[in-house]
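These notes are about the structure you will find just below.
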Amino acid sequence: MQPHDLQTIASKVQAVRGKQRTRLMCCGSTACLSSGAEAVRTALDQAVKAQGLAADVHVGTSGCLGLCGRGPLVRREADGEPALTYHDVDAEVAAQIVAAEAPSAPDVTAPDLTAHILPETHPFFARQHKVVLALNGTIDPEHLEDYIAHGGYAAFARVVTTMSPAEACDEVKRSGLRGRGGAGFPTGIKWRAVLDHPGERKFVIANGDEGDPGAYMDRTVMEDLPHQVIEGMLIAGYAVGAQQGYLYVRGEYPLAVKRLEKAIRAAGRQGLLGANIFGTDFSFKLDIRIGAGAFVCGEETALMASVEGSRGVPRMRPPYPAQSGLWGCPTLINNVETFANIAPLFAGGAEKFASVGTEKSKGTKIFALAGKLSQTGLIEVPMGITLREIVFTIGGGIPDGKAFKAAQTGGPSGGCIPAEHLDTPVDYESLRALGAIMGSGGLIVLDETSSMPDVARFFMEFCADESCGKCVPCRVGTVQMHGLLDKIMQQRATPADIEKLQRLGELVKRTSLCGLGQSAPNPVLSTLRYFRHEYDALVSEGQA
Amino acid sequence: MTSTLSGDPRLKSVDRAIKKNGARGDALLEVLNTAQETFGYLSQDLIRYVARELHVPLARVYGVATFYHLFTFKPKGEHTCIVCLGTACYVKGAGDIVAALEAEYEVKSGGTTADGRLSVTTARCLGSCGLAPMLVLDGAVLARNDANATLERVAVVLAGTPAQEAD
């Protein structure tokens, strides 16, 4: 394939699509599928056929449309009209949706459908800013041609034919993109380190071992935009001088594995993966590695051990993966969402990318919004948005007239943010200053009925269970902390136990080998910081 | 060494996975995944077989298999109920669902009832937090449950009717 062939493929797709006035995209994500999206898709197809509308109406399957709590969802895009989303669709509603597309029918806002319509101006959608997920809802995740028709692989073609690897690294550096796995290391600096390190063989790894309970951003990106992830990895491979890439996918995500496998095969058939891509010297092979349920494998050195087929046990750094990674070779390892940022970054340029966000945190972040909220689902927001906007505007506030208590970010590695800090901008530094972290993007809202010590215990049990056992502070410390939290919850604790919990938390944080142990005390320390009275109340109730 | 596996036609798919990865030791996770998918669990004989075919020490295969949560060494029950214990499900009461199942069927989470009819397991997060609390009963995703609804649905499945999809 040559770069101009992309245009040929795009034109072919557009020639067919151009004639169809309306596109109805049925959400094919896990959440919608489990609430009956497959039947909806069948009903849409049948209705289009029965009413003879195939020439005007295209029915397709899309990636996650975001508002997972109100599925199944169907997105309608029509020429010259604003897009809208139908929610809580069943087979009957699907038939009505199609009937409204008939030329003689009244428009789509006919009374029987209004109860199912969410316009793009709905607060859930209006405050979002889609860069990574821009194509979600528009393209079919399983069709390479669809992605190409929307500009896919054009950024990669331009990079590989017109830029040097060093220029590509610089572009990423100038964009200000930071790692979306949660720690926020500058991506361009990481790329440059791998490029500069001498070595015949180099590797690129996408970390798709999304283990935080309550987080599914990476699953969605892998399921819905597999080609965007692959394109990001290709650009990275070229920029750092790697010939082989691995996609490490969590074992609990079979649909993501299936779609990535299909995408890799399709890209290979078109010559977008393999030897001498676009007739250049650049060759790149991509394989999937499936995890088997170990949270610690999200840590980069543990992940690499797992890719090599061993127990996923982390090791000391340095040497960093950029110096000595997979099989001792220089290795670039980025989160899946980071890679999904790359193609849009190069398509629009570093300046455009950096125009969104705050001074130190550029671009957007995807969050999985869950918990005690009216509207839960997947959102992409500009960095710097306040928590208040996320919770009360996009999330629609707390249902049942309850009061907001805290937002939990970063899962078992993160912390709880109380109501008085709701106006904090969401960026790496601000969240860290509050004792929470950006994390990979899980955002769980707790209302007044939630017990904070119980939430802390929940996460500590998780960490104690997931500790790999290599270093003592984490292996022993997490178990001891969990024991203390149990004691507190059972109202058997004394004030001294709370002091002990605090001291132990700081010790484990300071002395553990890897990120798991270093961050495991965060939920405890942050709830002690903001909700100490709940701990004290449990102690004094017990003593009374 | 005699093996209960010799001649088992299911070994073909394990062999395919080994061959596909060039019989290299670093494919151990892929091969174990395939083996468990095919047989439902990793028996002693199966672990020995994988070690021999991949030319990897048995201790290493065992070490890797026991490290990862998804591998199981006991056969599953006729029916399985996986309760999601992700954060969103937990704050919406998934813990009560697990407790109710454990009490009703006298089984510990992760285990199988004495009569081998029902396995109850928990998952870290199944990534459908909008449906919390959710569970997977014999492969069907059931959304927005509570303890009573879950017990009813499990009883229906055990009585022989397939699980209904979520509403």
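Annotations for the structure displayed:
- Subset of the stretch B:107-133 [more than 26 Å from A:ASP88 (Cα to Cα) and either hydroxyl-bearing (Ser, Thr, Tyr) or assigned to a helix (DSSP H, G or I) (or both)]: B:SER109, B:THR112, B:THR113, B:SER119, B:THR121, B:THR122
- Exactly one residue among A:VAL455, A:VAL391 is outside any strand (DSSP E or B) and away from chain B (no Cβ under 13 Å), and that residue is A:VAL391.
- Helices (runs of 4 or more DSSP H) lying entirely in the stretch A:210-279 (those with 1 or more residues that are away from chain B (no Cβ under 14 Å)): A:226-240, A:254-269
- A:PHE339 outside any loop (DSSP other than H, G, I, E, B), over 24 Å from B:VAL50 (Cα atoms), of a type outside the set (S, T, N, Q) and touching a residue at least 40 places away in the same chain (Cβ under 8 Å): yes
- Selection from the stretch B:134-143 of residues that are closer than 14 Å to B:VAL98 by Cα and either within 11 Å of chain A (Cβ to nearest Cβ) or part of a helix (DSSP H, G or I) (or both): B:MET134, B:LEU135, B:VAL136
- Single match in A:LEU272, A:LEU247 (criterion: in the same structural domain as A:ARG158 (by TED's automatic domain parsing), over 21 Å from A:LEU303 (Cα atoms), in contact (Cβ under 8 Å) with a residue 12 or more places away in the chain and crowded, with 24+ Cβ neighbours inside 10 Å): A:LEU272
- Output for the stretch B:49-98, where each listed residue is aromatic (Phe, Trp, Tyr) and either at the interface with chain A (Cβ under 10 Å from one of its Cβ atoms) or within 20 Å of the chain's Cα centre (by Cα) (or both): B:TYR62, B:PHE67, B:TYR68, B:PHE71, B:PHE73, B:TYR90
- Among the residues of the stretch A:1-59, those identified as farther than 30 Å from B:ALA140 by Cβ, of a type in the set (A, V, I, L, M, F, W, C) and surrounded by 13 or more Cβ atoms within 10 Å (Cβ to Cβ) are A:MET1, A:LEU6, A:ILE9, A:ALA10, A:VAL13, A:LEU53, A:VAL57.
- If the condition is being surrounded by fewer than 23 Cβ atoms within 10 Å (Cβ to Cβ) and either under 13 Å from A:ARG178 (Cα atoms) or not acidic (Asp, Glu) (or both), then the stretch A:348-360 contributes A:GLY348, A:GLY349, A:ALA350, A:LYS352, A:ALA354, A:SER355, A:VAL356, A:THR358, A:GLU359, A:LYS360.
- Scan of the stretch A:67-86 for residues that are outside any strand (DSSP E or B) and either surrounded by fewer than 21 Cβ atoms within 10 Å (Cβ to Cβ) or not assigned by TED's automatic domain parsing to the domain that holds A:ARG41 (or both), ordered by number: A:ASP79, A:GLY80
- Residue that is nearest to A:SER440 (Cα to Cα) [pool: residues in the stretch A:297-345 that are touching a strand residue (DSSP E or B) at 6+ places or on another chain (Cβ under 9 Å) and among the acidic types (Asp, Glu)]: A:GLU337
- Selection over the stretch A:181-209 of residues that are part of a helix (DSSP H, G or I) and in contact (Cβ under 8 Å) with a residue 12 or more places away in the chain gives a count of 9.
- Considering residues of the stretch B:144-167 that are modelled with pLDDT of 90 or more and in a loop (DSSP other than H, G, I, E, B) only, the residue farthest from A:LEU33 (Cα to Cα): B:ALA159
- If only residues of the stretch B:25-48 that are within 14 Å of chain A (Cβ to nearest Cβ) and in a loop (DSSP other than H, G, I, E, B) are counted, the one that is modelled with the lowest pLDDT is B:TYR41.
- Check on A:GLY293, at positive phi, in a loop (DSSP other than H, G, I, E, B) and crowded, with 17+ Cβ neighbours inside 10 Å: yes
- Test: A:LEU118 is modelled with pLDDT under 95 and touching a Ser or Thr at 6+ places or on another chain (Cβ under 6 Å): yes
- Qualifying residue in the stretch A:292-312 (condition: of a type in the set (Asp, Glu), away from chain B (no Cβ under 13 Å) and farther than 23 Å from A:ALA155 by Cβ): yes
- Check on A:ASP90, of a type outside the set (Gly, Ala, Ser) and closer than 24 Å to A:GLY377 by Cα: yes
- From the options A:GLU337, A:GLU308, residue that is under 30 Å from A:ASP465 (Cα atoms) and within 19 Å of the chain's Cα centre (by Cα): A:GLU337
- Filtering the stretch A:1-38 to residues that are in a helix (DSSP H, G or I) and not hydrophobic (A, V, I, L, M, F, W, C) leaves A:PRO3, A:HIS4, A:ASP5, A:GLN7, A:THR8, A:SER11, A:LYS12, A:GLN14, A:ARG17, A:THR30, A:SER34, A:GLU38.
- Within the stretch B:23-54, considering residues that are under 19 Å from A:GLY312 (Cα atoms) and of a type in the set (Asp, Glu), the one surrounded by the fewest Cβ atoms within 10 Å (Cβ to Cβ): B:ASP26
- Within the stretch A:145-172, residues that are touching a residue at least 12 places away in the same chain (Cβ under 8 Å) have Cβ atoms under 6 Å from residues that are surrounded by fewer than 23 Cβ atoms within 10 Å (Cβ to Cβ) and acidic (Asp, Glu) in these pairs: A:ASP146/A:ASP140, counting only partners at least 6 apart in sequence or on another chain.
- Some residue of the stretch B:22-29 being out of contact with any Phe, Trp or Tyr (no Cβ under 6 Å at 6 or more places or on another chain), over 22 Å from A:CYS297 (Cα atoms) and aliphatic (A, V, I, L, M): yes
- Filter result for A:LYS402 (modelled with pLDDT of 95 or more, over 25 Å from A:LEU525 (Cα atoms) and out of contact with any strand residue (DSSP E or B) (no Cβ under 7 Å at 6 or more places or on another chain)): no
- Of the residues A:GLY80, A:GLY71, the single one that is touching a helix residue (DSSP H, G or I) at 6+ places or on another chain (Cβ under 8 Å) and at pLDDT below 95 is A:GLY71.
- The combined condition, being in contact (Cβ under 8 Å) with a residue 40 or more places away in the chain and either charged (D, E, K, R) or under 25 Å from A:LEU434 (Cβ atoms) (or both), is fulfilled by A:LEU516.
- Any hit, the stretch A:117-135, residues being among the polar types (S, T, N, Q), touching a Pro at 6+ places or on another chain (Cβ under 9 Å) and within 26 Å of A:THR376 (Cα to Cα): yes
- Hey, A:ALA305 touching a Gly at 6+ places or on another chain (Cβ under 8 Å) and free of Cβ contacts under 8 Å to residues at least 24 places away in the same chain or not: yes
The values are calculated or read from the model by the stated rules, or taken from the named source; none is laboratory data. Just so it is clear, the structure is predicted and the values come from calculations on it, not from any experiment. Virtual Cβ from ideal backbone geometry, glycine too; neighbours counted across all protein chains shown.
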